[in-house]
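The values are calculated or read from the model by the stated rules, or taken from the named source; none is laboratory data. For clarity, every value in this text was computed on a predicted model and none was experimentally measured. In this analysis, Cβ positions are derived from the backbone assuming ideal geometry, glycine residues included, and neighbour counts consider all displayed protein chains. These area figures cover heavy atoms from the full protein model, side chains too; ligands, DNA and RNA do not enter into them. Shrake-Rupley method; radii C 1.70, N 1.55, O 1.52, S 1.80 Å.
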Amino acid sequence: MGFLSQLFVAVVFGVKRHWHILFAILLGFGLGALYYSLEWEKNPSFSYFLPFFEVVGQIFMRLIRMLVIPLVVSSLIVGVSSLKDARQLGRLGGKVLMFFTLFMVISAVIGGGLTLLLQPGQSVQEALHQAQTLNNSSYLEVFQAAPTDPQKTLLNMIPENPIHSLAEGELVPAIFFTILFGLALAFIGPASKPLITLFESLFTATMKMTEWVMVLAAPGVFALAFVTVAKIGTSIFSLLAPFIMVILVGLILQLFVVFPILLRTLAKVDFLALYQAISEAILVAFGTSSSSATLPITIANCELRAGISNRIASFVLPTGATFNKTGTTMFEVAAVLFLIQAYNIHVEPITVVMVMVFALIASVGSAGVPSSGLITMGIVFTSIGVDFTIEQFAGGVALLWAIDRILDMCRTVVNVVSSCTVATLVAASEGELKRDVLNNPDAWRQVI
Ligand code: ASP
């Protein structure tokens, strides 16, 4: 008993929190798989597990989402208003745009290249047939409500009423307004002082709240992982193994080849140091499948551990969480080409290029919430001019929907890491990367 209690104390209080979170995810997956395979749902002694953990997971999700709007608004205003002039914002914006585009183009090429090379669509005709009978009634409704018009997606970036966008948590228009507002504060000089002080306090207070919420990260992601696997089991994955392989290889290539090379060559940063610094954000992204919800933790990790200045982090990370979804771009390219292959539709090379371009646009238009990458795929389908019947489309999407949560968890990690990588590159190029903090984990604050 003495040993067990010592072990408990050591594990709970002595081990860094990212290990707790990782352990919680693995445990959640393991128990979820057990729940599904032993059919505990039908067993009265265990059936309450699922609704109970659903609530626990949602409590954690809500707690972090609750912080997103106040944190994004306050950090963007503090960051942007500290810019000296519009030229500085222009330079920063130009760099960020260049990196976002570069990252997404690379990911689209990887997704396209791997799918054409490995041809995962060849082996799933049977699975596609089964998919039409899968009981996924919700997906078509979601799709019908999803945006399919690139023009509308673009226009929606500008809010007609910023208060409405903020109240509804619409991140893209909220960011658009906030950047302009922060810039206006920078322009009006001393008159902006009271508001900037107010937003500085708001920022510091929401960071403190993020620290508190992170105490619940391990039980929260445990519950989310458990619910994911307990609901769908693992057998569906073998059906789509070749496609899953393509996605995972693509994401791994980005994480362990593309980003490290860019970090090393452009910023002389060791990727492991950065990944260690943002490990909590990585794990929470994996657990929640939402880069927006992860944003408070991403900002906290980047500023307090990776040594990225507040000015850069507050500008790059919120914009990155909404626009720079390299994992999603890759997924959308691969998924559309995969379905084209699966239905044996012949397409010209120009269509492949169009898939890449529209997947990039669709991923920019997707929100940082679970499965939005799958939903915005509609934009790609309607734009590339390939003749899909509605039944084919529905069958393909049902199939992908069934496995999406797990792939979403993985691509969300890449989305978050890619924004942190861009923030590091920009900070290094602006001389605003504190390398002594990044390279010295002992200097990190313990709490977050
Ligand atoms: N879940 C992803 C994110 O939050 C978006 C997607 O579905 O690809 O970044």
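Take every Cα pair under 8 Å in the chain that's 6+ residues apart, average their separations, divide by the length, and report that relative contact order as a whole percent. Kindly include the intermediate steps, with their values, before the conclusion.
On the way: 656 pairs, mean separation 132.0, N = 448.
Over the chain, the number comes to 29 percent.
Sorting check: for 395-408, 319-332, which peptide has the highest mean count of neighbouring beta carbons within 10 Å, and how do the rest follow?
On the way: 395-408: 22.2, 319-332: 29.6.
For the peptides 395-408, 319-332, the packing ranking is 319-332, 395-408.
Using a probe of 1.4 angstrom, how much of the accessible area of the chain is carbon and sulfur, in percent? Provide the component values of the computation, followed by the final result.
Details: 13400 of 19580 Å².
Here carbon and sulfur together make up 68 percent of the probe-accessible area.
Between Gln151 and Arg264, take the C-beta separation as r, use R0 = 30 Å, and let me know the FRET efficiency to the nearest 0.05. Can you show the working numbers first?
Numbers: r = 40 Å, r/R0 = 1.32.
Step by step, r from the Cβ atoms, then E = 0.15.
Quick one: go through segment 295-316 and flag any residue whose amide nitrogen is under 17 Å from the point 7 Å out along the Cα-to-Cβ line of Leu102.
Within reach of a label on Leu102, which here means backbone N under 17 Å from a point 7 Å along Cα→Cβ, segment 295-316 contributes 316.
List, in the order given, every pair from Lys42/Lys231; Lys208/Lys268; Lys95/Lys325 whose Cα-Cα distance in the structure shown is over 20 Å.
Values: Lys42/Lys231 13 Å; Lys208/Lys268 31 Å; Lys95/Lys325 17 Å.
Pairs exceeding 20 Å: Lys208/Lys268.
Work out how much length Val257 to Ala191 would gain on full extension: take 0.36 nm times their residue separation and subtract the Cα-Cα distance, in nm to one decimal. It would help to have the intermediate numbers written out before the result.
Details: separation 66, 0.36 × 66 = 23.76 nm, distance 4.79 nm.
So the chain would gain 19.0 nm between Val257 and Ala191.
In segment 15-443, with Lys and Arg counted as +1 and Asp and Glu as -1 at Cβ, which of these residues, Ala398, His18, Gly368, has the Cα nearest the positive end of the dipole, that is, farthest along it?
His18
From the residues Val413, Ile261, Ile384, which one has its Cα farthest along the dipole of the chain in the positive direction, the dipole being from +1 and -1 charges on Cβ of Lys/Arg and Asp/Glu about the Cα centre?
Result: Ile261.
Which length gain, in nm to one decimal place, applies between Ser201 and Phe46 when the Cα-Cα distance is subtracted from 0.36 nm times their residue separation?
Values: separation 155, 0.36 × 155 = 55.80 nm, distance 4.60 nm.
Computed gain between Ser201 and Phe46 is 51.2 nm.
So how do 241-253, 426-438 stack up, highest first, on mean other-Cβ count within 10 Å? Could the numbers behind the result be given before it?
Values: 241-253: 19.2, 426-438: 17.4.
Going by the mean number of other Cβ atoms within 10 Å, highest first, we get 241-253, 426-438.
Can you work out ³J(HN,Hα) from phi for every residue in segment 180-193, in order, using Karplus 6.51 cos²θ - 1.76 cosθ + 1.60 and θ = phi - 60°, giving whole Hz and x for Gly and Pro?
Using θ = phi - 60°, the values come out as 5, 5, x, 5, 4, 4, 4, 6, 8, x, x, 4, 7, 3 Hz.
Contour minus end-to-end for Leu27 and Lys84, with contour as 0.36 nm per residue of separation and end-to-end as the Cα-Cα distance? Kindly include the intermediate steps, with their values, before the conclusion.
On the way: separation 57, 0.36 × 57 = 20.52 nm, distance 4.91 nm.
Computed gain between Leu27 and Lys84 is 15.6 nm.
Once you sort the root eigenvalues of the Cα gyration tensor of the chain as a ≥ b ≥ c, which label holds: rounded (a/c under 1.5), prolate (a/b larger than b/c) or oblate (the other case)? Mind dumping the intermediate values first?
Numbers: a/c = 1.66, a/b = 1.18, b/c = 1.41.
Cα axes put the chain in the oblate bin.
Just report the Cα centroid separation between segment 66-81 and segment 290-363, whole Å.
22
Put +1 on the Cβ of each Lys and Arg and -1 on the Cβ of each Asp and Glu in segment 15-443; which of Val215, Leu63, Ala174 then has its Cα farthest toward the positive end of the dipole?
Val215
Based solely on its DSSP helices, what 222 nm [θ] is calculated for the chain when runs of n ≥ 4 H residues each add -39,500 (n - 2.57) and the sum is averaged over all residues, nearest 500 deg cm²/dmol? Spell out each step's value before the answer.
On the way: 24 runs with 340 residues, N = 448.
Estimated from H runs of four or more residues: -24500 deg cm²/dmol.
Work out from phi, with θ = phi - 60° and the Karplus expression 6.51 cos²θ - 1.76 cosθ + 1.60, the ³J(HN,Hα) of each residue of segment 406-412, listed in order in whole Hz, and give x for Gly and Pro.
Once θ is set to phi - 60°, the couplings for segment 406-412 become 5, 5, 5, 4, 5, 6, 5 Hz.
Quote the charge dipole size of the chain about the Cα centre in Debye, to the nearest 20; the model charges only the Cβ of Lys and Arg (+1) and of Asp and Glu (-1).
Numbers: 23 positive and 25 negative charges, 254 e Å.
The dipole magnitude comes to about 1220 debye.
Points 7 angstrom from Cα along the Cβ direction at Val55 and Ser429: gap in nanometres?
Calculated label separation equals 5.0 nm.
Which whole-Hz couplings ³J(HN,Hα) result when phi for each residue of segment 104-114 is put into the Karplus expression 6.51 cos²θ - 1.76 cosθ + 1.60, θ = phi - 60°, listed in order with x for Gly and Pro?
6, 5, 4, 5, 5, 5, 4, x, x, x, 5
For segment 412-428 and segment 157-234, what is the separation of their Cα centres, given in Å?
Going from one Cα centre to the other spans 18 Å.
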